[in-house]
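The values are calculated or read from the model by the stated rules, or taken from the named source; none is laboratory data. These numbers were taken from a predicted model, which means no experiment stands behind them. Cβ: placed from backbone, ideal geometry, glycine included. Neighbour counts: every protein chain shown.
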Amino acid sequence: MARHVVARTSEIPPGGNKVVAIDGRDIVVFHVNGGFFALLNRCPHEGAPLDKAACVARLTSPEPGVYQRSRVGELLRCAWHGWEFDMRSGQSWFDPKRVKVRCYPVAVERGEELAAEMKKGPYVAETFPVHVEDAYVIVDA
């Protein structure tokens, strides 16, 4: 799987998202609760763009009239039909065994580390040691 640099962390504000095109697919990257999550920007139900989905909390009720919110902002509610998905795993809340949004691994790296890694790259040219003696350039081959 190829790695793609999609944004600076400052380009996606907390609670926001950014859609990026990778290999012909629209991927939406969310910044929620200090973490970044990437999903295919398409609801599996009827194809609604998930970048327009509401980021909601998990709501549970241990007894009638008592409600508890957790994981605030980490669930997506599709804007078209209200289907809900966990943005960490893509799991649906209504049919977790059969319906899921595709998720992608996300990493945050410092610029210096990324620059060093990018220098390596997937393609490496053959090099030879070079040194200067007097007024001549010599290549050891």
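The single residue among V101, V66 that is among the β-branched types (V, I, T), touching a helix residue (DSSP H, G or I) at 6+ places or on another chain (Cβ under 8 Å), at pLDDT 90 or above and at negative phi turns out to be V101. Number of residues in the stretch 59-87 that are surrounded by 15 or more Cβ atoms within 10 Å (Cβ to Cβ) and either among the charged types (D, E, K, R) or assigned to a strand (DSSP E or B) (or both): the value is 9. When the stretch 89-98 is filtered for residues that are at pLDDT 90 or above and surrounded by fewer than 16 Cβ atoms within 10 Å (Cβ to Cβ), only S89 remains. May I ask you to list pairs of residues, at least six apart or on different chains, whose Cβ atoms are under 8 Å apart, with the first in the stretch 13-33 being at positive phi and the second being among the small types (G, A, S) and surrounded by 13 or more Cβ atoms within 10 Å (Cβ to Cβ)? Once the first residue is at positive phi and sits in the stretch 13-33, its partners that are among the small types (G, A, S) and surrounded by 13 or more Cβ atoms within 10 Å (Cβ to Cβ) give G15/G73; N33/G73.
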